[in-house]
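Okay, so here's the structure we're looking at.
The values are calculated or read from the model by the stated rules, or taken from the named source; none is laboratory data. Model, not experiment: these values are computed from the prediction. Cβ coordinates were reconstructed from backbone atoms using ideal geometry, including for glycine residues, and neighbour counts include every protein chain displayed. When the accessible area is computed, the model is the full protein with side chains, heavy atoms only, and any ligands, DNA or RNA have been set aside. Shrake-Rupley method; radii C 1.70, N 1.55, O 1.52, S 1.80 Å.
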Amino acid sequence: MDHAYAVEKLTSYLTEVNAHLAHIELAKSEPGVDWPDWPQELAAGMPLTRGIVTAYTPLGLSELHQYGSDSLAYWQLVRIAATEALGHARSADELAAFLRPTSPSIAADALHPWVWESAAPLWAAQAHQDAVLAAARVINRRLQLKLGRHDIGDKNLCMQSFSIKEPAAGQPRLRFEGDRDSPTWVARQEGAMQLSAGAFLAIRNLAAHEETVTWTQQEALEYLATFSVVARWIEECSVETAP
């Protein structure tokens, strides 16, 4: 529902209704003041007003049929119902926010320090794309240092590092704790391999090679969180080398 539209239309209509009612009150109290003409424009605007009012207060105008549109009571009831509907329209967004279930939020400074410490200065400058790229580069550097490898690119390094294959000469592996014969351990290794490689392919490469990306701040924060997960896995795993 377009609450701003409802506020605009009801506010304008109430201004006209109030003017008409003021004229009626003046005619009742002051001799010589003519009773206002039948409010043609107000009547023409009633279908729209009724629709808006009914959307917010379904019974707001349910008794209107009891009065003639040339009577004081008719327009007083319209004013009451339209005013109540206006209050609903004005407070609808605030009320919806209040009633919305409380949801958790990601605190950027609680991301893995490899990610946030590298991203924070650029993030503060609103350079969200550069912040994500900086974090990705630090994660790649940390992975290189942990494994002592500087010979292949980030995606291939992730694929080889988390591979369930036995380590080979010059190809150490990262290993999670746990029973290596269990499907869960295998799935975790393979999942980390795919996600970490995917983060560099789908996020880092885009940030590095596109002049400008269309990420919102929320999307950029989610990408930082993805690299934060990768960082925690790299830090958590032990390094296994070939005999």
log10 I(q)/I(0), Debye, Cα-only the chain, no solvent, q = 0.12, 0.13, 0.16 Å⁻¹?
-0.76, -0.83, -1.06
Taking the mean number of other Cβ atoms within 10 Å as a proxy for protection, how do you rank 188-199, 61-72, 8-19 from highest to lowest?
188-199, 8-19, 61-72
Computed curve, segment 13-139, Cα-only Debye sum without solvent term, log₁₀ I(q)/I(0) at 0.15, 0.18, 0.19 Å⁻¹, is -0.78, -0.97, -1.03
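How high is the relative contact order of segment 118-225, in percent, with contacts defined as C-alpha pairs under 8 Å that are six or more residues apart?
Relative contact order here is 31 percent.
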State, as an integer percentage, the relative contact order of the chain based on alpha-carbon contacts under 8 Å between residues 6 or more apart.
19
Give me the Kirkwood hydrodynamic radius of segment 71-137 in Å, from all C-alpha pairs, to one decimal place?
16.3
Lysines near LYS146 by alpha-carbon distance under 17 Å, same-chain residues fewer than 8 away left out - which ones?
LYS155
I'd like the Kirkwood hydrodynamic radius of segment 149-243, using the inverse of the mean 1/r over distinct C-alpha pairs, in Å.
14.4
Mean Kyte hydropathy of -1.0 or more with a Cα span along the axis of at least 20 Å, helices from DSSP in the chain:
3-29, 40-56, 72-99, 128-147, 183-199, 217-236
Counting only protein heavy atoms, what percent of the accessible surface of the chain is carbon or sulfur at a 1.4 Å probe?
54
Segment LEU26-ASP181, extension gain: residue separation times 0.36 nm, minus the distance between their alpha carbons
46.6 nm
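Between GLN194 and THR212, what length comes free when the chain is fully extended (0.36 nm per residue of separation minus the Cα-Cα distance, one decimal in nm)?
Length gained, GLN194 through THR212: 3.9 nm.
Suppose every K and R has +1 on its Cβ and every D and E has -1 on its Cβ; what is the size of the dipole of the chain about the Cα centre, in Debye to the nearest 20?
Using only the charged Cβ atoms, the result is roughly 1300 debye.
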